[in-house]
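So the structure is just underneath, and the comments pick up after that.
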Ligand SMILES: [Zn+2]
């Protein structure tokens with residue numbers, strides 16, 4: 001009796017675990033719905049499903065900034081846009097090549113204009129050639145590559161300035177500025193889940209370039225800044241992040257000059273935990289301290 005009970009118990013536990021395994025790992029928890037926030041009569045930002053997206057309603061069509069992580073999230077973004085306006089999405093501007101800003105494009109209509117910095121385009125082509133999980137959707141590579149550091153575009157009657165100062169988060173960052181609405185979409189130059197800038201050395205980002213870029217952003221005549229992740233910020237918050245990053249970088253530089261090791265520098269500056277890869281499950285990215293150290297000592301990973 002006792003044996004049978006415990007066997008039953010064990011069987012039940014195994015079945016339970018099995019079910020949990022199937023449900024828990026194959027499907028995962030249902031993703032939270034996207035949240036749409038209005039900034040101006042014709043400008044919105046959409047939270048969730050990856051990086052923040054911008055939605056700008058023009059005369060005849062819609063301009064989207066960044067396209068979420070998965071085809072499902074990209075589709076949900078399009079569904080949310082359809083609730084705002086019957087106008088079709090005609091243009092997407094990508095702030096950089098990371099999958100959580102790009103891969104939702106798989107659900108976007110064919111033939112739309114996709115604007116990205118030329119280095120972003122090169123990074124996507126490289127990732128596509130390498131293949132595997134996280135590769136960008138083959139049918140939606142950038143159709144318009146930006147090579148200049150500043151381009152004044154007029155898309156669907158909307159004035160849009162795309163800006164690139166230097167490699168920063170990645171080598172192909174684009175900051176999207178709406179001069180009439182005084183709104184900036186910063187991409188992951190600013191991502192508020194981390195106090196420090198996140199630099200992808202593997203995409204030739206640069207901490208010095210980040211500082212140049214953040215200075216460029218605060219010099220824009222704007223009062224709402226949509227970061228790549230996190231809530232809308234005012235200029236003072238960007239200035240604070242810039243000041244802190246400059247001070248930290250200067251301190252690290254001083255310690256490197258004194259011949260300190262990376263571990264010594266990390267403890268001296270108060271190391272921040274490294275950011276996780278997409279979805280919080282991927283590999284950890286190098287911390288700002290480590291990035292600056294490697295840049296200044298030219299040491300590879
Ligand atoms: Zn990113």
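Can you go through 55, 23 and tell me which one is closer than 14 Å to residue 187 by Cα, outside any loop (DSSP other than H, G, I, E, B) and either modelled with pLDDT under 95 or in contact with a helix residue (DSSP H, G or I) (Cβ under 9 Å, 6 or more places away or on another chain) (or both)?
Details: 23 fails: closer than 14 Å to residue 187 by Cα.
Just one listed residue meets the conditions, 55.
Sort out which residues of the range 99-117 are outside any helix (DSSP H, G or I) and either within 15 Å of the ligand (Cβ to nearest atom) or farther than 19 Å from residue 176 by Cβ (or both), and write them in order of number. Within the range 99-117, 109, 110, 111, 116, 117 meet the criteria. Say whether the condition of being more than 13 Å from the ligand (Cβ to nearest atom), under 16 Å from the mean Cα position of the chain (by Cα), in contact (Cβ under 8 Å) with a residue 12 or more places away in the chain and more than 30 Å from residue 60 (Cβ to Cβ) is met by at least one residue in the range 208-225. Looking through the range 208-225, at least one residue is more than 13 Å from the ligand (Cβ to nearest atom), under 16 Å from the mean Cα position of the chain (by Cα), in contact (Cβ under 8 Å) with a residue 12 or more places away in the chain and more than 30 Å from residue 60 (Cβ to Cβ).
Exactly one residue among 205, 228, 282 is modelled with pLDDT under 95 and not in a helix (DSSP H, G or I), and that residue is 282. When 129, 135, 191 are screened for being surrounded by fewer than 23 Cβ atoms within 10 Å (Cβ to Cβ), more than 23 Å from residue 290 (Cβ to Cβ) and within 16 Å of the ligand (Cβ to nearest atom), only 135 passes. Can residue 50 be described as in contact (Cβ under 8 Å) with a residue 40 or more places away in the chain, outside any strand (DSSP E or B) and surrounded by fewer than 21 Cβ atoms within 10 Å (Cβ to Cβ)? Against the criterion (in contact (Cβ under 8 Å) with a residue 40 or more places away in the chain, outside any strand (DSSP E or B) and surrounded by fewer than 21 Cβ atoms within 10 Å (Cβ to Cβ)), residue 50 does not qualify.
Does residue 211 satisfy being in a helix (DSSP H, G or I) and more than 22 Å from residue 295 (Cα to Cα)?
No: the conditions fail for residue 211.
The values are calculated or read from the model by the stated rules, or taken from the named source; none is laboratory data. Small disclaimer: the values here were computed from a predicted structure and weren't measured. Every residue, glycine as well, gets a Cβ built from its backbone with ideal geometry; the counts of neighbours run over all protein chains shown.
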